[in-house]
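Below: one structure, written as structure tokens.
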Amino acid sequence: MRRVVREADLVKREGERGILMRNAMGRMSCLAMVLMLLLQATVGWAADPTSNDPRTMRFPTVEFSPPDAERVVLENGMVVYLLEDHELPLVTINATLQTGSWLDPADKVGLAGMTGAVMRTGGSVGMSPDEVDDELEQLAASLSIGFAKESGSASLDVLKKDLKRGLQIFADLLRRPAFEQGRVELAKLQALEGIRRRQDSPGSLVGREFAKLLYGPTHPSARETSVRSIDAITREDLVAFHQRTVHPNGIILGVTGDFEKADMLALLRDAFGDWAKGNVPAVTIPAVSETDVKTGLVRFVNKDTSQTHLRVGHLTIKETDPDYVAVAIANDILGGSSFRSRLFNDVRTKRGLAYSVGSGLRASVYDEGVWLMRAETKLSSTQEVVNRFVANMERMRNESVTDTELEEAKEAYVNSFVFSFTSASSIVGRLMDLEYDGLPKDWLQQIRDKVVKLTKEDIQRAAKAHFNPERLRILAVGSGEALSKVLASFGEVKEITLVPES
């Protein structure tokens with residue numbers, strides 16, 4: 001049973017934090033306004049004074065150099081980024097851990113995710129789960145831990161005056177999680193309930209099944225947990241996974257907020273300094289076989305829905321590919337920019353075939369990327385929407401984009417660059433991500449510079465090379481037999497039969 005905390009003290013601490021956060025949001029809004037005014041004053045941000053049409057307004061490229069964080073490596077190999085911000089008495093600590101679900105055994109898919117979850121909920125060697133929760137509530141601190149496919153993450157938000165104790169709890173959960181058996185069983189029950197309900201949403205269903213269609217159902221980027229895999233996971237598996245994959249020399253720590261460097265480093269060494277190095281697994285995600293991705297496929301899932309949920313696309317390049325920037329801008333013009341994109345204006349505005357329509361590009365340094373077009377539409381218009389997808393893709397391949405389209409896409413990206421650095425925490429987070437991925441710290445600036453130099457010829461060449469109609473994989477979730485007939489014009493149609501979750 002949870003201990004009863006002193007309500008007056010808790011209310012006071014939560015009140016302090018709430019006021020500080022509201023003040024912070026207000027200051028951020030003011031900061032954004034001041035930044036805009038400074039840009040206007042320093043770069044001559046002004047439109048033609050005789051024009052009242054916002055479509056004719058032209059602005060110089062925004063130049064912005066974000067502040068840099070200091071990088072320190074502790075004796076045990078833990079990397080620490082430090083960026084002081086004394087405006088508010090708050091400290092944020094974020095950690096990136098070199099682990100992830102790519103390490104899950106084939107018969108225990110879900111092990112990494114459960115390990116991260118129960119590291120947070122299952123207490124530590126020195127504190128029970130209830131004691132951890134109660135003390136964090138007393139401190140008005142927020143602490144989270146979670147493992148995704150390519151990495152793990154942990155974070156702590158705490159008032160400056162409670163930093164030492166908050167950091168002790170944070171370090172204790174990272175280093176010495178107890179994985180209390182009751183919390184393990186609760187996490188398994190929650191995972192099983194999620195499995196039983198995950199076929200309820202057609203929007204979620206089409207995303208998961210499309211990933212399997214692209215990568216294959218056993219690939220780390222597409223495989224799913226099952227009742228059998230969750231049932232097979234034991235507390236001992238969680239303990240072993242933590243011991244095998246979580247080491248200080250596989251952690252990048254980012255610290256921002258109201259602190260002094262020397263004091264913070266002393267606290268970090270007290271908390272982590274005696275943690276010995278370990279063998280950190282290198283992030284290795286298997287490549288997809290070329291024979292599996294060169295051909296197109298047409299598949300459907302029979303589900304009683306009011307609309308057809310469509311995905312059309314294929315695997316594509318990694319973020320480090322020389323063509324990445326050109327493909328990203330081509331995708332933006334095609335369907336990534338919502339209201340000004342070609343797909344939006346053709347499929348929704350002009351033809352009224354779908355309310356939700358667009359395209360997307362997801363790329364990383366570890367895995368083949370995904371490029372896709374998506375829509376939700378009526379069964380009767382499903383075929384026409386796919387036709388428009390293909391027609392717009394072919395137009396990107398065979399015709400140059402217009403000067404206006406290229407200018408707007410480049411301007412939108414370049415002028416949004418400043419908003420990637422809206423806070424000390426976001427600045428440090430970017431540096432942590434870049435180091436984790438093995439990219440240079442000026443990677444975003446390099447991307448920005450490449451965008452500025454793009455030409456219409458670059459866009460068409462990239463679209464012709466990387467938007468491939470022969471490799472398109474089409475997936476539709478909707479009403480079965482009728483949907484199969486609608487899709488028949490695009491190739492041999494096969495049904496994906498869902499296995500009931502029980």
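The values are calculated or read from the model by the stated rules, or taken from the named source; none is laboratory data. As the structure is a prediction and not an experimental result, all values here were calculated from the model. Counting neighbours? That spans all protein chains shown, and the Cβs are built from the backbone with ideal geometry, glycine included.
Being surrounded by fewer than 20 Cβ atoms within 10 Å (Cβ to Cβ) and of a type in the set (A, V, I, L, M) is a description that applies to residue 365. You will find that of 310, 265, 238, 205, the residue that is part of a helix (DSSP H, G or I), under 30 Å from residue 358 (Cα atoms) and not β-branched (Val, Ile, Thr) is 205 and no other.
Scanning region 134-151 for residues that are outside any strand (DSSP E or B) and within 20 Å of residue 95 (Cβ to Cβ) turns up 135, 136, 139, 141, 148, 149, 150, 151.
Go through the residues of region 236-248 one by one and say whether even a single one is surrounded by fewer than 21 Cβ atoms within 10 Å (Cβ to Cβ) and over 30 Å from residue 269 (Cβ atoms). There is at least one residue in region 236-248 that is surrounded by fewer than 21 Cβ atoms within 10 Å (Cβ to Cβ) and over 30 Å from residue 269 (Cβ atoms). Residues that are among the aromatic types (Phe, Trp, Tyr) and within 22 Å of residue 450 (Cα to Cα) within region 365-417 comprise 366, 371, 413, 417, listed in sequence order. When each of 262, 276, 266, 271 is tested for being out of contact with any strand residue (DSSP E or B) (no Cβ under 8 Å at 6 or more places or on another chain), of a type in the set (A, V, I, L, M) and more than 22 Å from residue 159 (Cβ to Cβ), the lone residue that passes is 276.
Evaluate the following for residue 287: is it in a loop (DSSP other than H, G, I, E, B) and touching a residue at least 12 places away in the same chain (Cβ under 8 Å)? Judged against the criteria, residue 287 is a match. Just wondering, is there one or more residues in region 397-414 that are in a helix (DSSP H, G or I), of a type in the set (Ser, Thr, Tyr) and crowded, with 18+ Cβ neighbours inside 10 Å? Yes, region 397-414 contains a residue that is in a helix (DSSP H, G or I), of a type in the set (Ser, Thr, Tyr) and crowded, with 18+ Cβ neighbours inside 10 Å.
Selection of region 449-467 for residues being surrounded by 14 or more Cβ atoms within 10 Å (Cβ to Cβ) and either more than 17 Å from residue 333 (Cα to Cα) or not assigned by TED's automatic domain parsing to the domain that holds residue 312 (or both) yields an empty set.
Could you grab me the full set of residues in region 414-446 that are among the hydrophobic types (A, V, I, L, M, F, W, C) and in contact with a Phe, Trp or Tyr (Cβ under 9 Å, 6 or more places away or on another chain)? Listed by number, the residues that qualify are 417, 418, 421, 427, 428, 431, 432, 434, 444.
Does residue 425 meet the test of being out of contact with any helix residue (DSSP H, G or I) (no Cβ under 8 Å at 6 or more places or on another chain) and within 30 Å of residue 67 (Cβ to Cβ)?
yes
Residues that are among the hydroxyl-bearing types (Ser, Thr, Tyr) and in a helix (DSSP H, G or I) were ranked within region 353-396; the one that is modelled with the lowest pLDDT is 380. Against the conditions (1) surrounded by fewer than 20 Cβ atoms within 10 Å (Cβ to Cβ); (2) at pLDDT 95 or above, residue 255 satisfies every one except (1).
Among the candidates 361, 406, the residue that is touching a strand residue (DSSP E or B) at 6+ places or on another chain (Cβ under 6 Å) and among the aliphatic types (A, V, I, L, M) is uniquely 361.
Of all residues in region 315-352, those satisfying the criterion of being surrounded by 15 or more Cβ atoms within 10 Å (Cβ to Cβ) and part of a loop (DSSP other than H, G, I, E, B) are 317, 319, 321, 323, 337, 341.
Here residue 117 does not qualify as at pLDDT below 95 and either closer than 30 Å to residue 285 by Cβ or not assigned by TED's automatic domain parsing to the domain that holds residue 249 (or both). Only one entry of 104, 134 meets the criterion of being of a type in the set (Asp, Glu), at pLDDT 95 or above, surrounded by fewer than 19 Cβ atoms within 10 Å (Cβ to Cβ) and out of contact with any strand residue (DSSP E or B) (no Cβ under 7 Å at 6 or more places or on another chain), and that entry is 134.
Go through (1) within 22 Å of residue 267 (Cα to Cα); (2) out of contact with any helix residue (DSSP H, G or I) (no Cβ under 7 Å at 6 or more places or on another chain); (3) among the small types (Gly, Ala, Ser) one by one and return the number of the condition residue 77 breaks. Every listed condition holds for residue 77 apart from (2).
Yes/no matrix, rows are residues, columns are (1) outside the structural domain of residue 213 (by TED's automatic domain parsing); (2) of a type in the set (Phe, Trp, Tyr); (3) within 21 Å of residue 475 (Cα to Cα):
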residue	(1), (2), (3)
321	yes, no, no
330	yes, no, no
337	yes, no, no
343	yes, no, yes
359	yes, no, yes
363	yes, no, yes
366	yes, yes, no
379	yes, no, yes
385	yes, no, yes
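For region 152-175, the set of residues classified as in a strand (DSSP E or B) and of a type in the set (Val, Ile, Thr) consists of 158 only. The residues on offer are 233, 251, and the sole one that is within 23 Å of residue 145 (Cβ to Cβ), in contact with a strand residue (DSSP E or B) (Cβ under 7 Å, 6 or more places away or on another chain) and aliphatic (A, V, I, L, M) is 251.
Looking at region 226-235, which of the residues that are assigned to a loop (DSSP other than H, G, I, E, B) and surrounded by fewer than 22 Cβ atoms within 10 Å (Cβ to Cβ) is modelled with the highest pLDDT? Taking the candidates together, the pick is 234.
Here residue 105 fulfils each of the conditions (1) assigned to a loop (DSSP other than H, G, I, E, B); (2) farther than 14 Å from residue 149 by Cα apart from (2).
Going by what's in this entry, would residue 438 be described as farther than 30 Å from residue 390 by Cβ, surrounded by fewer than 16 Cβ atoms within 10 Å (Cβ to Cβ), under 25 Å from the mean Cα position of the chain (by Cα) and touching a residue at least 24 places away in the same chain (Cβ under 8 Å)? In short, yes.
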